[in-house]
1. Return the carbon/sulfur percentage of the accessible area of the chain, one whole number, probe 1.4 Å, all protein chains in place.
2. Using the heavy atoms of the protein chains and a 1.4 angstrom probe, tell me the accessible area per residue for the range 385-538 in square angstrom.
3. For Lys448, list the lysines whose Cα falls under 24 Å from its own Cα; do not include residues on the same chain fewer than 8 positions away.
4. Mind giving me the nanometre distance, one decimal, between the label points for Lys35 and Glu306, set 7 Å out from Cα along Cα→Cβ?
5. Determine the dipole magnitude for the range 5-91: charges of +1 sit on the beta-carbon of Lys and Arg, -1 on that of Asp and Glu, nothing else is charged, the reference point is the Cα centre, and the result goes in debye to the nearest 20.
6. Could you calculate the FRET efficiency of Thr70 with Glu45 from 1/(1 + (r/R0)^6), where r is the beta carbon distance between them and R0 is 22 Å, rounded to 0.05?
7. Would you mind classifying the range 1-66 by shape? Square roots of the alpha carbon gyration tensor eigenvalues, ordered a ≥ b ≥ c; an a/c under 1.5 is rounded, otherwise it is prolate if a/b is larger than b/c and oblate if not.
8. Test of the criteria: in the range 1-60, which chymotrypsin sites (Phe, Trp or Tyr not before Pro) are in a DSSP loop and have at most 15 other Cβ atoms within 10 angstrom of their Cβ?
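The values are calculated or read from the model by the stated rules, or taken from the named source; none is laboratory data. Bear in mind that the values here come from a model prediction, so they are computed numbers and not experimental data. Quick reminder, even Gly has a Cβ in these numbers, built from the backbone with ideal geometry, and neighbours come from all protein chains shown. The protein model used for the area step is the full one, side chains on, heavy atoms only, and it has no ligands, DNA or RNA in it. Shrake-Rupley method; radii C 1.70, N 1.55, O 1.52, S 1.80 Å.
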Amino acid sequence: MQIQNEALFRHSLSEGINLFLGAGFSVLAEGDNKKLPVGDDLKLELLDHFKRKKPSALNLAQLCQILSSTNKDELVNFFKARFTVTKFSPSYNELEKANIKAIFTTNIDDLVFNIFKDSYKYYINDIQLRGPVISGSNAIDYVALHGSVAYPDADFAFSPIEIASSFERDKDKWFGYIGRIQTTPTLYWGYRVEDAGVLQALAKESTRGRKKADAWIVLRKNDEEAIEYYSSLGFQIIISETEELLKYIGANTAASTLTQNNYTLGNIFREYQIPQLATVPVRSLTEFFLGAEPTWYDIYSGKLHETAHFAAAKNSILGSKHVVLIGGPVTGKSTLLKQLAIGLTGLGTSFYINEITPEKAKLLVRDIDNKNSKVLAFIDNAADASEAIQILIKSKNIKIVATERDYIFDSVSHRFPTRSFKLLDVSGLSEIDTQAVQNSIPNDVKRKLFSQSDDQLASGAEPTFFDVITATITENSLADRFINAIKSMKLSMPAEHDVLLMACYLHACRVPTSVDIASAFVRNFNLSAMEAFNILESMGSLLSPYEGTLADSEQAFYVPRSRAVAEVVMSRVPAHDLRRMLEMFHSEVSPTKISRYDIFRRAAYDARTIGRAFPKWEDGLGFYDVAFRRDPTHSLKQQGALYLSQKKNYELAFSWIDEARGMTGHNNPTIRNSYAVILFAANYDKMATPEVLATLDESMEILQKCYDDDYRKVYHAKIFAEQAIKYSRKFPDSKKLTTYLDKGESWLDAELKNRPGDRWMRNLLRQIKKLNR
């Protein structure tokens, strides 16, 4: 073995290094009971499998291009079978001892996922799926440049041209990847001189700028020409076989003395620890009552009233089930969750979790169960963490206490079965709690006497925290401050204006704004990353550091001081400003820069938001078309269909929702629900004929089946009830009307038992009962 500048290489292994992997890295792994192919072996296997003549003058990329255009499904199936790893050398486990920051790979196998599957130190964070990690040094960001057999909808790219085309569609992705290679030492492993085109297609700029970070390339033998060639590109040379280098890393990395027992819950999951009072920043309680989200200082102060829900929640937590607290926006759910987190003792280690992926949940469960530690996990935004929660509850050592908005919880309620979860509606306040909340409002806030709202939706329901605050406090709310700030910045500070609006958009989509995102966004203003950081820092009265991150994060994250306020901004900002921000954001910022992109995408393309920004359907269609090229998912097609339906372009809406149905195999209840809604809306305003009646009945029947087949009962019951009420106005003499109204009433009655504070359901039930009389 030979290593150029060996001491520097060992230092990089300990301090932080990227891996850039090619086929030669996977030589010690098997798929389909054979060693994974290297070099021309894959080409020969493809020629045999597809019964093509040999020898062939085509290279691998050219052969794949032909097969992809003539027999794509069979090619994909071949790759999935051949590159799904079934066995690999234990030597790969030595990689866990190195300090790996990111893994880039041109391989399509799932070897890396298998290597770290049972790790107690790392988990793999796939950037294509999740975006870059928000916090925690135990994540390895993973970038599969050619695709991966691990992806459900595998789509592989093989040639440098295809990679270049991918980057051309998403230039910010290029900048992000090059930036990582330029700033962190990188080990290129598993490439031959013949593969150099792949490296050059991605990294020619990084090789020219390699002064910023060291780079090594692994060669199997002492080949003078290969050494000369790679040295000319700026690489330092390692001559070694794969297994030899793996064992070297295990024996020569400073971290190699660490074992799973050295990694305690406290040091590997520091971002989930509840901070001590002495470590949290202080602030005036006035900020909370003017609309800011609760901080740990607010909770520790003891000046926030503990409502009757506090005792009820503690009682439920001490029971046998996990607990989910639900309610409308600004009803005190996050405040209650934090009060419980510091108010419950004797049940084990308490973690407060703002964000967790399924991959990180697996690591957490392994660590907790290995140490047999009891953990009480307080999780805000249960819908975002719903997949992770399904993993956490498999551990007998973990008790979950989660919160979510009621209408968002509807979409994931199937993941929280009543046999395992106790559901508590914490929306309403008793008379005693209402008075106590008013009494706790600081005297420096202008206020008036509280009076119950005459809102019809609120009729019969207890007032919420939001009702009390909005009816009591008269001016200078946080929402007003945001709106005024955005207005004042528009002419004199256009970059700041757009950055603040972007931060509100991201927070409304439940993700924070990173410096990476901001720096990509402000490229349009010819501003640098440092200038983007200064803009974020300068808005201290409006933006605050994201509480979910710690010092081990490589960059800062920011959020507006309240998600509810961010949503108000999105609903009140002028439509043309919203459109300009959306177009600039989705043009300049790559999905690979957005932390928890899987969460972001759920609201980012919401038909209501896009409907405000693009009043003309032609413009909105153009936006969705561009978005779909970067995010070709059924959920985006669904939102595009709902947008087109809102704009009354039902023909195109049907085309889009039908494509979404095709992408999910026609078995997705949410897609079928949207199909039914569009079918109903498309025909409702037409002349009342038997044909129109038949289409409305078909829509109602689809919704009935959705309700029967799916666990998301509330979601389907609301839509069914809304349509039943509209149906009664259109066809009051229909023989099926009574059946629809009866079903709507019984479904709403049943769901309201678990959701007494749901005002929209109450209003629907009131209307249906009136019609039934």
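1. Carbon-and-sulfur percentage of accessible area, whole number: 51.
2. Per-residue value: 45 Å².
3. Counting by Cα, and skipping residues close in sequence, Lys448 has these lysines nearby: Lys303.
4. 6.6
5. Using only the charged Cβ atoms, the result is roughly 340 debye.
6. For Thr70 and Glu45, the calculated efficiency is 0.80.
7. prolate
8. Taking the range 1-60 and a limit of 15 other Cβ atoms within 10 Å, the loop chymotrypsin sites (Phe, Trp or Tyr not before Pro) found are Phe50.
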